[in-house]
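First up is the structure itself, then whatever we jot down about it.
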Amino acid sequence: MLQLQLLSSPPLTPQTLNLSSISNRKLFPSFSSLNSSQTRSFKFNPLSKPSKFSLKCRQSEYFDQKQRFNDSSSSTSPSSLAGLPARFYVGHSIYKGKAALTVEPRAPEFVPLDSGAFKISREGFVLLQFAPAAGVRQYDWSRKQVFSLSVTEIGTLISLGMRESCEFFHDPFKGKSDEGKVRKVLKVEPLPDGSGHFFNLGVQNKLLNVDENVYIPITRGEFTVLKSAFSFILPYLLGWHAFANSTKPDDTSRANNANPRYGGDYEWSR
């Protein structure tokens, strides 16, 4: 807030306080030039011995508040946190009477090379989470069972017909000392009336003494949504979006000449 104070040493009288006089117009030339958008107040007490003149400008308060709002907004924006780009987490859930199913994509992983480029080290996947019902519209997520769909398994589901079935088997400890102690089987089978599919996940975990089956019916419309989402996310799980975003027209010929294995003319020159 801007506040100006003017103290006059001699006392002012009603006769001497005449703003229409030339001398007073010279004394207070800025009154007529004040901006009409500014709030101003001034008081004269001619009977007081030092008379006080006070001027308040609200416009500075407006800019101070606006600056504080902009600073707080910019400090809490997702892209400004630690200088990192914003991250988004998405998923799709289906709730039924016996269980709930949540579908979430997981991004691929890349490792840096000595040349400064990046190479994919692990393809992305789609995580399925099955939670059994604990009551009416209530689900026990502490007992959830998970199943990770690879890109090939996603392709199998995309191409699955309404009367077709498929089955996937996973052993998380395959090739390790605990191989065979955890078995996961996901079966996708058509409903008897052809209106959709059953998703049935069976988990046998000898390490935790768990033997559980969770199944959920998926309607034709829900299955269409899943297949559409799978088709959209599949190139991203392969990491091809990173390659497409890094490709420039002037880099294509240079890359092909540097490594003839990737050149379009290499096949025809053999």
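Structure summary
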quantity	calculated
Answer residue from the range 111-131, given it is in contact with a helix residue (DSSP H, G or I) (Cβ under 9 Å, 6 or more places away or on another chain) and open to solvent by 80 Å² or more (accessible area, probe 1.4 Å) and is modelled with the highest pLDDT among those	Glu123
Meets criteria (open to solvent by 50 Å² or more (accessible area, probe 1.4 Å), outside any loop (DSSP other than H, G, I, E, B), in contact (Cβ under 8 Å) with a residue 60 or more places away in the chain and not hydroxyl-bearing (Ser, Thr, Tyr)) for Phe169	no
Selection status of Gly161, loosely packed, with under 12 Cβ neighbours inside 10 Å, on the phi > 0 side of the Ramachandran plot and part of a loop (DSSP other than H, G, I, E, B)	no
Conditions (1) farther than 19 Å from Phe147 by Cα; (2) over 30 Å from the mean Cα position of the chain (by Cα); (3) of a type outside the set (Lys, Arg): number failed by Gly239	(2)
Condition broken by Ile154, with the remaining ones in (1) assigned to a strand (DSSP E or B); (2) under 18 Å from Val225 (Cβ atoms) satisfied	(1)
Residues being without any contact (Cβ under 8 Å) to a residue 60 or more places away in the chain, out of contact with any strand residue (DSSP E or B) (no Cβ under 6 Å at 6 or more places or on another chain) and not charged (D, E, K, R) - total across the range 102-149	8
Lone unmet requirement of (1) open to solvent by 30 Å² or more (accessible area, probe 1.4 Å); (2) touching a residue at least 60 places away in the same chain (Cβ under 8 Å) for Lys187	(2)
Tyr95 touching a residue at least 40 places away in the same chain (Cβ under 8 Å), under 30 Å from Ser195 (Cβ atoms), surrounded by fewer than 16 Cβ atoms within 10 Å (Cβ to Cβ) and among the aromatic types (Phe, Trp, Tyr)	yes
Arg137 vs. criteria under 31 Å from the mean Cα position of the chain (by Cα), closer than 22 Å to Thr219 by Cβ and open to solvent by 50 Å² or more (accessible area, probe 1.4 Å)	yes
Failed item, numbered, when Ser142 is tested on (1) touching a His at 6+ places or on another chain (Cβ under 9 Å); (2) surrounded by fewer than 17 Cβ atoms within 10 Å (Cβ to Cβ)	(1)
Members of the range 212-231 that are under 29 Å from the mean Cα position of the chain (by Cα) and in a helix (DSSP H, G or I)	Gly221, Glu222, Phe223, Thr224, Val225, Leu226, Lys227, Ser228, Ala229, Phe230, Ser231
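Yes or no, residue by residue, for (1) surrounded by fewer than 14 Cβ atoms within 10 Å (Cβ to Cβ); (2) modelled with pLDDT under 90:
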| residue | (1), (2) |
| --- | --- |
| Gly175 | yes, no |
| Pro192 | yes, no |
| Asn213 | no, no |
| Phe230 | no, no |
| Asp250 | yes, yes |
| Asn256 | no, yes |
| Tyr266 | yes, yes |
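The values are calculated or read from the model by the stated rules, or taken from the named source; none is laboratory data. Here the structure is a predicted model, which means the values were calculated and not measured. Cβ sites come from the backbone with ideal geometry, for glycine too, and all protein chains shown count toward neighbours. Just the protein is used for accessible areas: all its heavy atoms, side chains included, with ligands, DNA and RNA removed. Shrake-Rupley method; radii C 1.70, N 1.55, O 1.52, S 1.80 Å.
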